[in-house]
Structures are given as C-alpha cells and as structure tokens.
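Contents: one structure, followed by commentary.
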Amino acid sequence: MLAAVYHGPHDIRLEEVPTPQPGPGEAVMRVRAASVCATDLRIFNHGHFKIRGDTARILGHEVAGEIVAVGEGVAHLTPGMRVAVAPNFGCGVCRECVQGNNNLCPDYDAFGITLDGGFAEYMRITAPAVRQGNVVQVPDSLSFEEAVLNEPLSCCTNAQQACRFAPGEAMLIMGAGPMGLMHLLLARYSGAGQVIVSEVQEHRARLAAEFGADLVVDPQKEDLKEAVLKATDGRGADVVIVAVGSTALQEQAVELAARRGRVNFFAGLAGGRDRACVNSNWIHYGQVTVTGTTGSNTAQYRQTLQMLASGRLSLQPLVTARRPLWEIGAALADAASGEHLKVLLIP
Ligand SMILES: [Zn+2]
Ligand SMILES: [Zn+2]
C-alpha cells in the first residue's frame with residue numbers, strides 16, 4: 001500500500017509498504033479520510049519525544065474509514081463497517097485509565113505518534129485499542145470527512161467540560177484558527193448566551209463572524225478588556241478559552257474572566273517558553289478557576305460523534321482543502337500556511 005512515512009524532521013517520504021494484516025484481536029481499516037493537525041506539523045518540523053530518531057512512522061491521528069478485516073477474537077467489528085478511531089489509548093490499568101481519562105495515562109499510545117497512523121491507504125488498529133473501545137461506528141448520515149474532524153472536536157469538548165460551560169453563559173475565545181472556530185461552533189451548539197472571539201488576522205476574524213460569533217475583536221485595534229466588559233455588562237467572560245499558544249494571552253485571559261469565571265489553557269506552549277505570570281489575586285478574589293486540557297478521552301470522543309450524528313452541529317465548513325495522499329507535502333504546506341482551516345488527505 002501507499003503510505004506517507006515520517007523519517008525525521010522535514011523528512012516525510014511516500015513509500016510502498018506492506019499492507020497490514022490483522023493479528024489476533026486486531027482490525028484493519030481502509031482509510032477513507034484523514035486530516036492534518038497542528039500536532040502533525042509540529043512533529044514534521046520538530047519531531048516528537050515519543051518518536052525516536054531512527055523510527056519510521058506513518059503519521060495521522062484524525063482518521064476514519066471502513067473495516068476491511070478483523071483478527072481472531074474480534075466479534076464487535078465486521079468488514080464493511082464505517083468507523084472512526086479515537087487515537088489515544090492508555091495502559092488500561094493505571095489510576096487515570098481506570099477513571100476513564102485514558103488521554104492522561106503516563107504510558108499512553110497514540111495512532112500517528114507511537115503507532116502507525118492514517119496517512120496511508122490502510123491502518124492497523126492494535127488489539128488494546130480494539131478492546132478499549134477506540135473504534136467507533138460512524139452512522140450512515142455522517143460523512144467520513146466530518147467523522148475525521150470528530151477528534152479535534154472531542155478535544156474542544158474536553159476543554160469546555162473542564163470549564164463547566166453552561167447554556168446562557170458568555171464565552172471568550174482567543175484565537176480563531178481551526179480550533180478556535182471549532183470551539184465557537186461547539187459553544188453555539190451548547191447554548192452559549194454570547195460568544196466573543198478575539199483575532200488579529202483579518203481573514204480569520206471574518207470567518208469567526210461568518211461562523212456565528214456575536215462579537216469579533218481585533219485586539220491590535222481595540223482594547224480587548226474594554227470590549228469584553230462592555231459586551232458583558234461589566235462582568236467579564238464566564239469562560240475564556242485560550243486557543244493560541246502564547247503566555248501573553250494566558251496572562252491576559254485570567255483577567256478577562258468574570259467572578260467565578262473559568263479559563264482554559266487549550267493550546268500548548270513551546271518548551272522553554274512555558275512560564276506565564278498570571279495575576280493570582282484576580283484568581284483569588286474573583287474565585288476564578290484556571291484549567292488546562294489536552295486531547296480527549298474515549299468517552300468524550302464517542303459523545304461528540306453523537307453530536308455530529310445528530311446533524312445539529314456541522315464541521316463541514318472547516319474543510320477548506322482536500323488532497324490525495326501522494327500530495328502529502330502540499331497538504332502539510334497548506335495546513336502550515338494559515339490560509340486553510342482543516343486540510344484533508346483522501347487516500
Ligand atoms: Zn489532532
Ligand atoms: Zn494508563
């Protein structure tokens with residue numbers, strides 16, 4: 001089969017590799033769509049601590065397709081079944097795994113990072129992932145393209161659940177990249193009273209307005225705090241999502257939260273630039289909660305797939321480019337350009 005194989009930073013090669021055959025407890029999926037994530041770009045540019053220098057790895061963790069073969073002992077998956085795969089799974093026995101937070105397992109595995117992923121014609125789903133329920137059936141009403149975007153959506157849900165976001169509340173989203181826009185769509189689906197988006201790039205600000213933001217602020221042109229206070233009767237935002245990896249924005253976010261507001265540091269920071277200096281008195285006297293989230297657990301992945309299946313939340317507007325697998329280089333460039341939202345690879 002054809003696969004885009006990562007050999008190290010800035011070195012992804014299109015290669016003919018053996019098509020996986022399922023061992024006991026495993027399943028093999030024909031990949032129908034995969035999307036490029038900021039994590040893929042980060043690995044492509046800087047590598048990943050879980051991928052050792054000499055490891056060849058097929059990237060791609062946002063993936064959906066059809067089961068083509070299952071190994072001995074797999075009864076709940078059948079060839080022809082349309083599925084999406086939650087990429088992270090844990091050891092299954094540690095405290096985090098037992099509590100259902102498999103994304104926080106210190107010994108996690110993930111397709112497209114520690115195991116071969118979806119930038120290929122076929123993908124092997126290993127036995128622990130099959131057994132832990134990572135393979136989720138996609139209803140006929142849902143396209144593979146949208147099913148692929150369920151993975152990043154589930155990460156947004158993890159963040160908004162950590163913030164206990166409630167209907168009627170005001171949310172501020174800092175950054176209108178693909179993830180910020182996904183937060184916006186999710187907040188509207190969840191009954192937000194008001195969604196404010198702050199974004200410096202004009203075309204992204206325009207998209208935020210098109211996607212239904214009640215107010216879009218360019219913080220380089222107007223004072224963000226003033227704008228947020230004005231829009232919320234002087235209270236501040238009930239929930240602030242920081243969807244840009246910036247300590248300056250994290251510091252600012254805390255002070256844009258209302259009393260009893262909740263803040264989520266959604267975007268990670270580059271190593272070595274990971275110290276924010278927040279106004280802790282604001283947290284103290286305002287009873288503000290600061291949260292961080294990373295990825296999502298499998299239960300959340302299943303939950304958001306049901307949201308998409310309902311038809312009341314569509315991520316289709318986020319798909320702005322589709323490329324065949326052999327154009328992997330161009331797909332990565334598209335995703336890195338900032339011009340596109342989600343770039344799909346269709347093998
Ligand atoms: Zn991702
Ligand atoms: Zn574990």
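Against the criterion of being within 16 Å of ligand 1 (Cβ to nearest atom) and of a type in the set (D, E, K, R), Glu199 does not qualify. Exactly one residue out of Leu344, Leu318 is over 26 Å from Ser190 (Cα atoms), among the aliphatic types (A, V, I, L, M) and within 15 Å of the chain's Cα centre (by Cα), and it is Leu344.
Residues in the stretch 68-106 that are open to solvent by 60 Å² or more (accessible area, probe 1.4 Å) and in a strand (DSSP E or B): Val68 alone. Residue check: Lys50 meets all listed conditions (1) in contact with a Phe, Trp or Tyr (Cβ under 7 Å, 6 or more places away or on another chain); (2) within 16 Å of ligand 2 (Cβ to nearest atom) but one, namely (1). Do we have Pro106 as in the same structural domain as Lys230 (by TED's automatic domain parsing) and free of Cβ contacts under 8 Å to residues at least 60 places away in the same chain here? Criteria not met by Pro106.
Residues that are among the hydrophobic types (A, V, I, L, M, F, W, C) and within 16 Å of ligand 1 (Cβ to nearest atom) within the stretch 105-128 comprise Ala110, Phe111, Ile113, Leu115, Phe119, Met123, listed in sequence order. Quick one: would you say Ser154 is closer than 17 Å to Val63 by Cβ, away from ligand 2 (no atom under 16 Å from the Cβ) and of a type in the set (Ser, Thr, Tyr)? For Ser154, the condition - closer than 17 Å to Val63 by Cβ, away from ligand 2 (no atom under 16 Å from the Cβ) and of a type in the set (Ser, Thr, Tyr) - is met.
Of all residues in the stretch 330-340, those satisfying the criterion of being at pLDDT 95 or above and either open to solvent by less than 20 Å² (accessible area, probe 1.4 Å) or part of a strand (DSSP E or B) (or both) are Ala331, Leu332. Considering every residue within the stretch 146-155, establish whether at least one is farther than 29 Å from Ala321 by Cα and in contact (Cβ under 8 Å) with a residue 24 or more places away in the chain. The answer is no; no qualifying residue exists.
It is to be established whether one or more residues within the stretch 64-75 are within 16 Å of ligand 2 (Cβ to nearest atom), modelled with pLDDT of 95 or more and either in the same structural domain as Ala129 (by TED's automatic domain parsing) or more than 16 Å from Ala331 (Cβ to Cβ) (or both). No.
State yes or no: is Leu41 more than 16 Å from ligand 1 (Cβ to nearest atom), outside any loop (DSSP other than H, G, I, E, B) and more than 22 Å from Pro128 (Cα to Cα)? In short, no.
The values are calculated or read from the model by the stated rules, or taken from the named source; none is laboratory data. Here the structure is a predicted model, which is why all the values come from computation and not from measurement. For neighbour counting, all protein chains shown are included, and Cβ atoms are generated from backbone atoms with ideal geometry for every residue, glycine included. The protein model used for the area step is the full one, side chains on, heavy atoms only, and it has no ligands, DNA or RNA in it. Shrake-Rupley method; radii C 1.70, N 1.55, O 1.52, S 1.80 Å.
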